[in-house]
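Down below is the structure, laid out as structure tokens.
The values are calculated or read from the model by the stated rules, or taken from the named source; none is laboratory data. These numbers come from a predicted model, not from an experiment. A quick note on method: Cβ atoms are made from the backbone with ideal geometry, for glycine too, and the neighbour counts reach across all protein chains shown.
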């Protein structure tokens, strides 16, 4: 095939005849020649997925420094080191930034595994016809026009247009989301490409799907990146990852702090110069202010809080791959969930049995001699492995499992009444028949299949051991029951039989499958998980909207969604199909997206559209999934949640979080943990910023008043000791009782929402004011010191008083922060209601911080290093009493706020 004749592999070959497809690829059913195949391999390329561009470790490392907050911290570190000579503070800032960068590189490297996982899914070998002979080649050597032979157990090596299909069934759940293997036919499909979704293309076999039954022959019409899996890989590689709310909030916080710091520092610099102080003195003072204002430990503390959250979630089967996902979960508005394997078990299960004009639930006992029970097990090709597992078509294994659950030992029964002949299932007549020799020398003809086809061949019905003739009333009763079961999203099969004296000489359907006795119906379904309905209920109570997205048919999707509580029973308006979605533009869809809670017969492109439509509405969207088709949407969503057991490596690689137990209810547990984590981050920020605001106000006002209150080393020690340990401990505070009773905060909220900003302001002002009051008291009322040291000169007495005042201000500012840490356990609730000592880690953090703070004053020699003096009991009493005052002050404000209706 010349380059000019190179076929567009995106054509809708499923709407074309066999002859048209073969002619377009200039091939025959005997296959290509080796020479032609080599030419096409050069033209089309290998049947493999592109790896995509990879970034070096160095590039990944430096990309971590693009964050605005990180840039601010680096600038502060450099300025601090150059102008103040405070290399300790600079070293700490740089250490935090580098550790964060290293951690980010590790997390990013894991995300690149998605494309690699897609590549590994390709079949290693394929049976094809070349030069008229059947040979085996590596799948990456396949080219368009090759003729591929398929058998049960094969992985489809490329996209094929089927030329022959003998009882062929292909499991496409990873691609389409449909749990039941698709029955394939070599036929021409009517309609346009937009009308026929992937799940409905019964004359196509797609790369990486699995052949579960029968055999087939197909011509290769798509290889490599031109296959459906390749298109998904391309979408996955091109899809930009969504910036998480956590990252957005940290960036906003960094910008706000920087602006505030620059304004305050500029004012202080100008006023200081006007008061006669030198520019270098004021520059160093401004740098000290910046060090006090920027919570340089915040990124590290947030990382630690998130890491601790991931450990807790891991113990509850939620494995977090990217730290921000913990916090993002807490803001989730929408959970778009794949049905198969996520909300359901991904295994067919018998739900009901209809015999003797009665529908019995699968849990109800059934007699061993029940003919319907016997037929469903006899007309069955399921194999039972040594370990007891069932191997075969999911529908047939469900029937055998039903028998085993009711003590019907199919192995023993078939051994006693062996199969001696059969007519295999085919999609035209939709029936399967087996013939078994009975103990009395006669033979049982057992038939199972589509109820409507089966009833056409029945003349009698089995009722309570009798076999009366089937009249119109009885036939209508069976058809009505069949319709009723089907509307419940059950896949219904019928069973019939007859007893003959000899094995039919010719196993022909028209001769054998007639004059049958109807025995019953069996209804099967891929059942919902037991925990899923309760999880959906909890999600709704928490203000989260569950959305079901599936490749299954509309009726099945609607029924399962109603059973789970996602929609109300009969709410057909809440369901939309992929074909209907194709009729809507992105703009039109965005206007009606809120109307739909169930999406049926969808493709990968639909899933991404759904996620993005909700995101355009300002919603934080979580997407769960386990198949290859879910990967692009998982990556596009604010948080992608993969399945650990049934999930493909592709979906797990594209996810932010993986459920180790594939349990939908685990998501709700993770959401609660996410909300707790965000709340604790808010508490940490409230604590740090109110403390730092107190430091800034103390230094700023003192500078304006020409007071010499705090040195840079004091601010550094307070930031490292009294800030860090309590802040980290606040990150593991237990969740408040109402954490799952309010609506998600959404994208518009930030770390300062919910009363945090106002709390930071008034609490920071209070801390600064109390510190300045203590300093002023120590300077203005020196009677206590003078009375104890009457022989000191005026200069020595002033130096001593100034040293004591500086020390008391330092001690007060540090101790007041430790007392204040108890206040921020809740924004509005009293600390006595929240619990003073529930968090053991917090209690130890406060104790350790207090000892480290006191050590700088009490230990001889150590206090010289910090330029502080020893305080007597009277001075300590002033410090302790004033510091403790922050608790009753905040409690009074909280009480007023609660009376005003805030909570």
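Structure notes:
- Among the residues of the range 757-770, those that are crowded, with 22+ Cβ neighbours inside 10 Å and closer than 16 Å to residue 829 by Cα comprise 759, 760, 763.
- Any hit, the range 739-749, residues being surrounded by fewer than 23 Cβ atoms within 10 Å (Cβ to Cβ) and either in a helix (DSSP H, G or I) or modelled with pLDDT of 85 or more (or both): no
- Within the range 21-42, being in a helix (DSSP H, G or I) and exposed (fewer than 14 other Cβ atoms within 10 Å of the Cβ) holds for 23, 34, 35, 38, 42.
- Output for the range 443-470, where each listed residue is in contact (Cβ under 8 Å) with a residue 24 or more places away in the chain and loosely packed, with under 13 Cβ neighbours inside 10 Å: 464
- Test: residue in the range 507-514 that is assigned by TED's automatic domain parsing to the domain that holds residue 420 and buried (at least 19 other Cβ atoms within 10 Å of the Cβ): no
- Any hit, the range 686-706, residues being in a loop (DSSP other than H, G, I, E, B) and at pLDDT below 85: yes
- Per the listing 374, 312, the residue uniquely on the phi < 0 side of the Ramachandran plot, surrounded by fewer than 24 Cβ atoms within 10 Å (Cβ to Cβ), assigned to a helix (DSSP H, G or I) and out of contact with any strand residue (DSSP E or B) (no Cβ under 8 Å at 6 or more places or on another chain) is 312.
- If you go through the range 435-453 and keep only what is closer than 21 Å to residue 492 by Cβ and at pLDDT below 95, you end up with 449, 450, 451, 452, 453.
- When each of 239, 185, 141, 228 is tested for being within 32 Å of the chain's Cα centre (by Cα), modelled with pLDDT of 85 or more and either surrounded by fewer than 22 Cβ atoms within 10 Å (Cβ to Cβ) or under 30 Å from residue 39 (Cα atoms) (or both), the lone residue that passes is 228.
- Some residue of the range 826-843 being under 12 Å from residue 721 (Cβ atoms) and either in a helix (DSSP H, G or I) or not assigned by TED's automatic domain parsing to the domain that holds residue 693 (or both): no
- Within the range 471-505, tally of residues that are surrounded by 20 or more Cβ atoms within 10 Å (Cβ to Cβ) and over 28 Å from residue 570 (Cα atoms): 4
- Every condition in (1) under 20 Å from residue 684 (Cβ atoms); (2) in a loop (DSSP other than H, G, I, E, B) holds for residue 816 except the one numbered (2).
- Test for residue 164: is it part of a loop (DSSP other than H, G, I, E, B) and either closer than 28 Å to residue 30 by Cβ or free of Cβ contacts under 8 Å to residues at least 60 places away in the same chain (or both): no
- Residue check for residue 440: in a loop (DSSP other than H, G, I, E, B) and without any contact (Cβ under 8 Å) to a residue 24 or more places away in the chain: yes
- Counting the residues of the range 423-434 that are in a strand (DSSP E or B) and either surrounded by fewer than 17 Cβ atoms within 10 Å (Cβ to Cβ) or not assigned by TED's automatic domain parsing to the domain that holds residue 369 (or both) gives 1.
- Condition check for residue 135: in a helix (DSSP H, G or I), modelled with pLDDT of 60 or more and surrounded by fewer than 18 Cβ atoms within 10 Å (Cβ to Cβ): no
- Here is the figure for the range 872-892: residues that are farther than 30 Å from residue 802 by Cβ and surrounded by 17 or more Cβ atoms within 10 Å (Cβ to Cβ) total 1.
- Members of the range 347-373 found to be closer than 20 Å to residue 413 by Cα, free of Cβ contacts under 8 Å to residues at least 40 places away in the same chain and within 43 Å of the chain's Cα centre (by Cα), listed by number: 373
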